[in-house]
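A.B. asks: Let me begin by handing over the structure; questions about it come next.
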Amino acid sequence: MSAETSVPQSPVSRAELPEAVRTLLTDSPIGFALLGPDDAFGTVNGRMAELLGRTPAECLGRSPGDLLEESGGRSAAAEHRRALEDVRANGHTVRSRHRVSPGQVWDLTWFPATDPGSGQEHVALIAVRDGGSARKDEQRLRALLRAGNQIFWTADPDGEVLEDCPQWRSVTGQSPEEFLGRGWLEAVHPDDRPAVARAWDDAVLDVTPFDAMCRVRTLSGGYGHYRFRADPVMDGGPGPAEWVGTLTDVTNEREADELRQRLHQQLGEAAMRTARLQKATSDLAEALTAADVAGAMSEIGRSGVGADHTSVVLLDRDRLRLRAVAAEHDHQPLRAAFPLDHPDIAALAVSGGAPQLAASPAELAVLLDDAPEVRELVENTPERSWVALPMMVAGRPIGALRFAFRHPREVTDDERVFLEALAGQCALAIGRATLYEQEHSTAEELQRSLLPEELPEVRGVRLAAYYRSGSQHVQVGGDWYDAFPLPDGRVAGVLGDVMGKGIPAAAGMSRIRNALRALAFSMPEPADVLTGLDRMFSATEGMDQVTTLVYFVLDPVTGQLDLSNAGHLPPLVVAGNAGPWLLDTDPDTPLGVSSPRGHHKFFVQPGNTVALYSDGLVENRKRSVDTGLDELVGVASSAPPEIVGDPQQMLEYLVESMLEGYEQDDDVTLLAVQLPVIDSAADR
């Protein structure tokens, strides 16, 4: 067997073609051409040009369809174009016939051929007039073109190599005796050899093309990556006449491909880490408490590095003790709090100001000087490997971010970089959460200080109040209520809302509350009180500080309730023996908007409860006021009798039922007054 070179790029001169192909083109009675990506002839022999009535020079750069159409053969031109389109579209061999003159018909074979140098797709065209030696030449040429690269080799119909191939042996160092037959398989890497031998046996048995990638032992003793390809050469009989194949060194391409895959994987992992850090930043921006931060970190730790347990360990103000906060769905820490010198990986990260890693319980024991707490941790938790990273603010540790895994594992350098960046984000979030918790606690204390510490006890009346601070802000809200007895034996009550947050709203609320009490003692009727508040409001409050309220005066003896409404929501009446309803009064304008104040009179029956409430009870981002009012009446109608009879339980029932399924985004304030049912037997 001799060694040949591959079919070169087209257009190409015949002198540049391999010897085996050049001989077939010159000496055999076949026509041959290579059509480039533009469907024009790049290589054409004399026989093919003669079929088209042209010289080879006239064919180069032209398509067969154009040449035939110029010669008047429109039907033949159309058939050539269809065959060419079919090959390019489907990538398989197409056969057609070309009639030159009566009695002279040529069989045409069109098939794809890839340029191994550039990778461009060409189409090879072979024309055969008779079926003897020309047909065998066509089959051999097709096999050579399909194999088309580097070292050529042949085998008999049974797949046995009978001809020597010096180029193969120069690669592998095998002797002729070692190479022949199926000895060439001995040069294939032992791990790849069974698959290559099986693929070769299947190809020989099924008479199908052979294509296999494997590692081949080279003369130096190492292994290179090679590609085997072979095609059967058919001569019209039941089986192949022989096999023609190639061996191509693809080591450089394989290494380049592996490098590309590694780079692609690294870029993908870097992109994923960046995306996870961005998600962490987004999630942490919404975290308002340390528990929220721990929950966000748990999700990122699980998706980012497969952490099974995540906790945020915080240093106290005295910088002597640590407090561990875990996500709700994680197992709780073995110790919720411990001193800074406690043998713990998080304490070590905080005190040392550097990341600490332990890939197994044995490594943790070494890290913590064989402290007995390591054994206690392993026996009582599923944790088997750990990472703790200090959280630093202004160069000082404020705690540590602690991850644990259920199985021993090493943390890669890339994972460590990712986790350190995550700890930096966590430190900022913890700083914000700590400030929020402090401000929110202060705001709640201030809010409650502006409300009555307790409601008065008035004979014949039961009073109840409920206040729940909104969870989405840290400033003082504008909701308020008050109730107090009047000198004439009646009881006054008010619930209002100063729009806005913070100190201005709190100051305005305090001024209105104090003014209302002063006016109520001198002229207690609701319309008079609101008219006086209008004058005070115009003198002391800004026009942008809108205030609404409902003010009532109830006579416990007669049940008469006098009420004025300055732009607030209608009171709810819950009756013990009838369905609930909203008091049908058109609200007047908010305070400060000059208008006559209405005065509404109702009678409250014994056992009935009148409830005032703020808009936080019925309105939120997912529910309009009108919808909320309808739902409020429906919820009240479903209250059990024992709830209806107790005003405090009634308010709590209304709040829990109305807020169920919704995120509370505003303060909720309620005030209720009830005329209890008088037990006549008790009076006797």
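A.B. asks: With a Förster radius of 25 Å, plug the Cβ-Cβ distance of Ser175 and Ala197 into 1/(1 + (r/R0)^6) and report the FRET value to the nearest 0.05.
C.D. replies: Efficiency, from the Cβ-Cβ distance: 0.80.
A.B. asks: If we count other beta carbons within 10 Å of each Cβ, what is the order of Thr218, Thr548, Thr412, Thr669, fewest first?
C.D. replies: Thr412, Thr218, Thr548, Thr669
A.B. asks: Just add up the charged neighbours of Ser595: K/R +1, D/E -1, any other residue whose Cβ is under 9 Å from the Cβ of Ser595.
C.D. replies: Around Ser595, the surrounding residues sum to -1.
A.B. asks: So how much slack lies between Thr381 and Ser303, counting 0.36 nm per residue of separation and subtracting their Cα-Cα distance, in nm?
C.D. replies: Fully extending the segment from Thr381 to Ser303 adds 26.0 nm.
A.B. asks: Pull out a ≥ b ≥ c, the square roots of the eigenvalues of the alpha-carbon gyration tensor of region 450-683, then state rounded if a/c is under 1.5, prolate if not and a/b is larger than b/c, and oblate in the remaining case.
C.D. replies: Oblate, since a/c reaches 1.5 and b/c is not below a/b.
A.B. asks: Please give the charge dipole size of region 589-684, origin at the Cα centre, charges +1 on K and R Cβ atoms and -1 on D and E Cβ atoms. Round to the nearest 20 debye. Before the final figure, lay out the partial values.
C.D. replies: Details: 6 positive and 16 negative charges, 111 e Å.
Result for region 589-684 is approximately 540 debye, rounded to the nearest 20.
A.B. asks: Please give, to one decimal in nm, the separation of the simple spin-label points placed at Glu160 and Ala539, each 7 Å out from Cα toward the Cβ.
C.D. replies: 12.4
A.B. asks: Here's another thing I want to ask about it. Rounded, prolate or oblate for region 265-442? Axes are the square roots of the Cα gyration tensor eigenvalues, ordered a ≥ b ≥ c, and the cut-off for rounded is a/c under 1.5.
C.D. replies: On the way: a/c = 1.62, a/b = 1.07, b/c = 1.51.
Oblate shape, in that a/c is at least 1.5 and b/c is the bigger or equal ratio.
A.B. asks: Next question, about the same structure. Step by step: find N for region 339-462, compute 2.2 N^0.38 Å, then divide the Cα radius of gyration by it. What's the final number?
C.D. replies: Working: Rg = 22.1 Å, N = 124, 2.2 N^0.38 = 13.7 Å.
After normalising by residue count via 2.2 N^0.38 Å, the value is 1.61.
A.B. asks: What percent do you get for the relative contact order of region 450-683 when only Cα pairs under 8 Å and 6+ apart count?
C.D. replies: 26
A.B. asks: Right, here's the next one. Using the count of nearby Cβ atoms within 10 Å as a rough guide to exposure, how do Phe521, Phe152, Phe484 rank from fewest to most?
C.D. replies: Ranked by crowding around the Cβ, least crowded first: Phe521, Phe484, Phe152.
A.B. asks: While we're here: Counting only C-alpha contacts under 8 Å and six or more residues apart, can you give the relative contact order of region 265-442 as a whole percent?
C.D. replies: Values: 303 pairs, mean separation 42.5, N = 178.
It comes to 24 percent, rounded to a whole number.
A.B. asks: Just how far, in whole angstrom, is region 311-330 from region 223-250 if you go by their alpha carbon centroids?
C.D. replies: Value for the Cα centre distance between the two parts: 70 Å.
A.B. asks: For Glu85 and Ala275, calculate 0.36 nm times their separation in residues minus their Cα-Cα distance, and state this gained length in nm to one decimal.
C.D. replies: Extra length available between Glu85 and Ala275 comes to 63.8 nm.
A.B. asks: Suppose each label sits 7 Å from its Cα in the direction of the beta carbon; what would the Glu663-Glu373 distance come out to in nanometres?
C.D. replies: With each label point 7 Å from Cα toward Cβ, the separation is 3.8 nm.
A.B. asks: Using r as the Cβ-Cβ distance of Arg317 and Ser220, and R0 as 60 Å, what FRET efficiency do you calculate, to the nearest 0.05?
C.D. replies: 0.30
A.B. asks: Still on this model: Taking a ≥ b ≥ c as the square roots of the eigenvalues of the Cα gyration tensor of region 566-658, is the shape rounded (a/c under 1.5), prolate (a/b larger than b/c) or oblate?
C.D. replies: In terms of gyration-tensor shape, oblate.
A.B. asks: In 5 Å bins starting at zero, report the fraction of Cα pairs in region 335-388 per bin as a rounded %.
C.D. replies: In order of increasing distance, the bins hold 4, 21, 33, 29, 12, 1 percent.
A.B. asks: Under a crude label model (7 Å from the Cα following the beta-carbon direction), how far is Arg409 from Arg260 in nanometres?
C.D. replies: If labels sit at Arg409 and Arg260, their model points lie 3.1 nm apart.
A.B. asks: Sum up the charges of everything whose Cβ sits under 13 Å from the Cβ of Leu205, counting Lys and Arg as +1 and Asp and Glu as -1, but leave Leu205 out.
C.D. replies: -3
A.B. asks: Follow-up question, since we're still on this one. Can you tell me the FRET efficiency between His331 and Glu253 if r is taken as the Cβ-Cβ distance and R0 is 56 Å, rounded to the nearest 0.05?
C.D. replies: For His331 and Glu253, the calculated efficiency is 0.65.
A.B. asks: Provide the net charge surrounding Asn380, with neighbours chosen by a C-beta distance below 13 Å and charges set as Lys +1, Arg +1, Asp -1, Glu -1.
C.D. replies: -1
Just so you know, all these numbers are worked out from the coordinates, no wet-lab data involved. Just so you know, these numbers come straight off a predicted model, no measurement behind them. All Cβ positions, glycine included, derive from the backbone under ideal geometry; neighbour counts span all protein chains shown.
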